[in-house]
1. Looking only at residues that are surrounded by 12 or more Cβ atoms within 10 Å (Cβ to Cβ) and without any contact (Cβ under 8 Å) to a residue 24 or more places away in the chain in the stretch 32-42, which one is nearest to Ile95 (Cα to Cα)?
2. Could you list, in sequence order, all residues of the stretch 1-27 that are modelled with pLDDT under 65 and surrounded by 13 or more Cβ atoms within 10 Å (Cβ to Cβ)?
3. Among the residues of the stretch 28-41, are any in a strand (DSSP E or B), under 16 Å from Thr4 (Cα atoms) and either β-branched (Val, Ile, Thr) or modelled with pLDDT under 75 (or both)?
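The values are calculated or read from the model by the stated rules, or taken from the named source; none is laboratory data. Keep in mind that what you see is a predicted model, and the values were worked out from it rather than measured. Methodologically, a virtual Cβ is constructed for each residue, glycine included, from the backbone with ideal geometry; neighbour enumeration extends over all protein chains shown.
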Amino acid sequence: MKVTPLGDRIVVRRHEAEEKTAGGIVLPDTAKNKPQKGKVLAVGAGKMMKDGSRRPLQVKVGDTVLFTSWAGDEYKAARGENILIMREEDVLAVIEE
């Protein structure tokens with residue numbers, strides 16, 4: 001299934017939660033924090049401005065991004081992946097790896 005976001009929305013695959021703490025303790029599923037980092041899978045056409053033009057998005061497909069903890073709407077894709085659809089304004093930073 002292909003998801004195409006509209007407007008200034010982006011589709012992000014959330015990275016997997018850490019299995020262990022820095023001290024080596026294995027975490028159960030209920031204790032894991034949702035990561036605030038993910039990879040951009042698709043981007044919309046851009047934000048519609050008042051004059052009818054579109055402002056292009058600052059992120060692009062393939063970027064690794066940090067986002068707010070309450071960002072977007074989450075759903076499970078067919079393969080069980082955690083996929084988020086969020087607005088570009090929820091992205092805090094692009095990480096260069």
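1. The selected residue is Pro35.
2. Answer for the stretch 1-27, where residues must be modelled with pLDDT under 65 and surrounded by 13 or more Cβ atoms within 10 Å (Cβ to Cβ): Ala17, Leu27.
3. Taking the stretch 28-41 first, the residues in a strand (DSSP E or B) are 37-41.
Of the ones still in play, those that are also under 16 Å from Thr4 (Cα atoms) are 39-41.
Add one more test, that the residue is either β-branched (Val, Ile, Thr) or modelled with pLDDT under 75 (or both), and what stays is 40.
Yes, the stretch 28-41 contains a residue that is in a strand (DSSP E or B), under 16 Å from Thr4 (Cα atoms) and either β-branched (Val, Ile, Thr) or modelled with pLDDT under 75 (or both).
Residue-wise test of (1) exposed (fewer than 13 other Cβ atoms within 10 Å of the Cβ); (2) closer than 13 Å to Arg14 by Cβ; (3) touching a residue at least 24 places away in the same chain (Cβ under 8 Å).
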{"position": "Gly44", "(1), (2), (3)": "no, no, yes"}
{"position": "Met49", "(1), (2), (3)": "yes, no, no"}
{"position": "Gly62", "(1), (2), (3)": "yes, no, no"}
{"position": "Gly72", "(1), (2), (3)": "no, yes, yes"}
{"position": "Ala77", "(1), (2), (3)": "no, yes, yes"}
{"position": "Leu84", "(1), (2), (3)": "no, yes, yes"}
{"position": "Glu89", "(1), (2), (3)": "yes, no, yes"}
{"position": "Ala93", "(1), (2), (3)": "yes, no, yes"}
